[in-house]
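Before any comments, here is the structure.
The values are calculated or read from the model by the stated rules, or taken from the named source; none is laboratory data. What you are looking at is a predicted structure, and each value in this text was computed from that prediction instead of being measured. We place every Cβ from the backbone using ideal geometry, glycine too, and count neighbours over all the protein chains shown. These area figures cover heavy atoms from the full protein model, side chains too; ligands, DNA and RNA do not enter into them. Shrake-Rupley method; radii C 1.70, N 1.55, O 1.52, S 1.80 Å.
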Amino acid sequence: MNTLKHLAIIMDGNGRWAKQKGKMRSQGHKQGIHTVRNITTWCAKNHISYLSLYAFSTENWNRPKNEIDFLMKLLKQYLQKERKTYLDNDIKFLAIGNIEAFSNPLKQMIQNLQEDTAKNSALTQILALNYGAKDEIARACKKIIQNDNHDKNINMNELIAANLDTKGIPDVDLLIRTGGEMRLSNFLLWQISYAELFFTPTLWPDFTPDELSNIIKDFKTRSRTFGSL
Ligand code: IPE
Ligand code: IPE
Ligand code: MG
């Protein structure tokens, strides 16, 4: 049976969920927050150590300004309102992505929640914000070049991993994408090199702990050979 330490989810389908119900796209994002809370607390109670959630990509800046503004407002509300969820459930919060691009108040809120939950240990929830895997790898390379004490015998794989935003976090075991698209959309490319993949047509606001539990059951029985036999 495979063990699941690190689960990653591409939370897709909020807009289509809203459209199906004749609502504005923003209502889909709002509803998606409930799923984030349900899935995160379920993972904390079910002994998953790391949960990575793709919330906003480096490409999502290409959306209409009103949607971006709404998402940033929602993110700020989330970081404030959900503080209690993190504290009550012993969940540590960690943001990955190019956080520098955000406004100062938002950066401060991210930092505050990280600090306030730093000692929690049931689950680490990693929220990918202004995240792109290519951008993350490029930023890691830049850090390596800027730091000149290079040892010729250094293990390059380890050096790159240690300069990614996910430094110290084990690679992803299982990656799920909701919303039915069969692509990775620039999420965690380095860390998913040997992840098991699962695509579900369920739209993110409709995704439940029950469905997650069934996907994990399937994951546990898959044969993971890592190139061996
Ligand atoms: C995912 O849902 C959430 C974000 C990217 C912020 P979408 O907004 O991509 O929803 P669809 O794919 O258009 O339905
Ligand atoms: C991926 O969803 C990004 C997030 C879930 C945050 P998108 O809806 O932005 O991706 P594409 O456009 O389908 O590739
Ligand atoms: Mg989408």
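In deg cm²/dmol and to the nearest 500, what is the mean residue ellipticity at 222 nm of the chain if only DSSP H runs of at least 4 residues count, each as -39500 (n - 2.57), divided by the residue total?
Estimated from H runs of four or more residues: -13500 deg cm²/dmol.
What is the calculated FRET efficiency for ARG63 to GLN146, with r their C-beta to C-beta distance and R₀ = 22 Å, to the nearest 0.05?
With a Förster radius of 22 Å, E is 0.10.
Kindly list the residues of the range 40-54 that lie in the label zone of GLU211, defined by a backbone N under 11 Å from the point 7 Å along the Cα-to-C-beta vector.
In the range 40-54, the label zone of GLU211 (backbone N under 11 Å from the point 7 Å along Cα→Cβ) covers no residue.
Find which of SER223, SER193, ASN60 sits farthest along the positive direction of the dipole of the chain, computed with +1 on the beta-carbon of Lys and Arg, -1 on that of Asp and Glu, about the Cα centre.
ASN60
For the range 17-100, rounded, prolate or oblate, judged on the Cα gyration tensor with a ≥ b ≥ c (square roots of eigenvalues), a/c < 1.5 rounded, else prolate if a/b > b/c?
It is prolate, given that a/c is not under 1.5 and a/b is the larger ratio.
Run the reach check for LYS217 against aspartates and glutamates, Cα to Cα strictly under 17 Å, same-chain hits fewer than 8 apart removed. What comes back?
Candidates past the 8-residue exclusion: ASP173, GLU196.
Strictly over 26 Å apart at the Cα level, which of LYS21/LYS107; LYS19/LYS73; LYS30/LYS134; LYS23/LYS45; LYS65/LYS107 would you flag in this model?
From LYS21/LYS107; LYS19/LYS73; LYS30/LYS134; LYS23/LYS45; LYS65/LYS107, over 26 Å: LYS21/LYS107; LYS30/LYS134; LYS23/LYS45.
Kindly report the accessible area of the chain per residue (heavy atoms of protein chains, probe 1.4 Å, no ligands, DNA or RNA), in Å².
54
Based on the mean of other beta carbon atoms within 10 Å per residue, what is the order of 65-78, 216-229, most packed first?
Highest mean packing first, the order is 65-78, 216-229.
For the range 12-29 and the range 147-200, what is the separation of their C-alpha centers, rounded to whole Å?
Cα centroid of the range 12-29 versus Cα centroid of the range 147-200: 30 Å apart.
Once a ≥ b ≥ c are taken as the square roots of the eigenvalues of the Cα gyration tensor of the range 48-143, is the result rounded (a/c under 1.5), prolate (a/b larger than b/c) or oblate (a/b not larger than b/c)?
It comes out oblate by the Cα gyration axes.
Give, in nm to one decimal, the length gained when the segment between ALA138 and SER185 is fully stretched (0.36 nm per residue of separation minus the Cα-Cα distance).
My answer for the length gained is 15.3 nm.
Below 8 Å, C-alpha to C-alpha, sequence gap of six or more: please give me the relative contact order for the chain in percent.
Answer for the chain is 30 percent.
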